[in-house]
Amino acid sequence: AQSVTQLDSQVPVFEEAPVELRCNYSSSVSVYLFWYVQYPNQGLQLLLKYLSGSTLVKGINGFEAEFNKSQTSFHLRKPSVHISDTAEYFCAVSRFGGATNKLIFGTGTLLAVQP
Amino acid sequence: DAGITQSPRHKVTETGTPVTLRCHQTENHRYMYWYRQDPGHGLRLIHYSYGVKDTDKGEVSDGYSVSRSKTEDFLLTLESATSSQTSVYFCAISADRDTEAFFGQGTRLTVV
């Protein structure tokens, strides 16, 4: 079975500062990794995904994440945040080669960008 | 935006009543999923479907049933609603098992 841990429930940061949202996973098999963003009262939108290949993945809105297999991590980063980045961010995994794209989600990290 | 419509968007119902939530897609994607979102739990998979009439349980399936008689529709039924089923319910679709999942706007269900 797979599991995902997002240790930080909330991350406050000032506008234009860099940010890192942490994600660690546990799995006995290879996994695909995802970051989703949820703006208030909306559904989830895919930010980026790691399926294979380069461990540094670039996504939308200037976000990137690095897959680290030895540390079982997939941390999300942005060099300079904007007020509009205020949202909840979810890390998720699915089993590589699984029968379906069943996603296992972390509990989410609320990114609060302050002026 | 992926063509996913959830209905209703908001519902208040009484304990013990049956409730059906509908997810409709226009993408002809094979896979459909129902998740619930609760504070402190993130999203948890209730049921999923990998084709017409092909469904299976997720991690929190007790008290829920699903049906998929057409590719485009995936119904979630709470057979006898309880207060613990108060939640926001999201439908998701994916074309294949290793492609991204697209999410609907959610249904906020309150059981009183």
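Rounded to whole Hz and in sequence order, give me ³J(HN,Hα) for the range B:43-56 from the Karplus expression 6.51 cos²θ - 1.76 cosθ + 1.60, θ = phi - 60°, writing x for Gly and Pro.
Computed from phi, the couplings for the range B:43-56 are 9, 10, 6, 9, 8, 9, 9, 10, x, 4, 6, 10, 9, 7 Hz.
Taking the Cβ of B:SER80 as the centre, find all other residues whose Cβ is under 13 Å away and add up their charges (Lys, Arg: +1; Asp, Glu: -1).
Working: positive: none; negative: B:GLU14, B:ASP62, B:GLU79.
Neighbour charge sum, excluding B:SER80 itself: -3.
How large is Rg/Rh for the range B:20-74, to two decimals, with Cα atoms and a Kirkwood Rh?
On the way: Rg = 11.4 Å, Rh = 11.6 Å.
In the range B:20-74, Rg relative to Rh is 0.98.
Taking a temperature of 10 °C and a viscosity of 1.306 mPa s, what whole-number D in µm²/s does Stokes-Einstein yield for the range B:4-111 with Rh from Kirkwood over alpha carbon pairs?
For the chosen part, D equals 116 µm²/s.
Taking the Cβ of B:SER49 as the center, what net charge do the other residues with Cβ under 12 Å away carry, scoring Lys and Arg +1 and Asp and Glu -1?
It works out to a net charge of +2.
Taking N as the number of residues in the protein assembly as shown, what value does Rg over Cα atoms divided by 2.2 N^0.38 Å take? Please report the intermediate quantities before stating the final value.
On the way: Rg = 17.5 Å, N = 227, 2.2 N^0.38 = 17.3 Å.
Working it through for the protein assembly as shown, the quotient is 1.01.
Given a cut-off of 24 Å, name the pairs among A:LYS49/A:LYS69; A:LYS102/B:LYS53; A:LYS58/B:LYS57; A:LYS102/B:LYS11; A:LYS49/B:LYS11 whose C-alpha atoms lie farther apart than that in the structure shown.
Details: A:LYS49/A:LYS69 15 Å; A:LYS102/B:LYS53 18 Å; A:LYS58/B:LYS57 33 Å; A:LYS102/B:LYS11 26 Å; A:LYS49/B:LYS11 33 Å.
Result: A:LYS58/B:LYS57; A:LYS102/B:LYS11; A:LYS49/B:LYS11 exceed 24 Å.
Counting other C-beta atoms within 10 Å, and keeping those with at most 13, which DSSP coil GluC sites (Glu not before Pro) do you find in the range A:1-107? Mind showing how you got there, number by number?
Working: sites: A:GLU15, A:GLU16, A:GLU20, A:GLU64, A:GLU66, A:GLU88; in loops: A:GLU15, A:GLU16.
Those satisfying the criteria are A:GLU16.
Rg(Cα) of chain A divided by 2.2 N^0.38 Å?
On the way: Rg = 13.6 Å, N = 115, 2.2 N^0.38 = 13.4 Å.
The reported ratio for this selection is 1.02.
Rule-based calculations on the coordinates, nothing more; no lab input. Everything quoted here is computed from the prediction, not taken from an experiment. Virtual Cβ from ideal backbone geometry, glycine too; neighbours counted across all protein chains shown.
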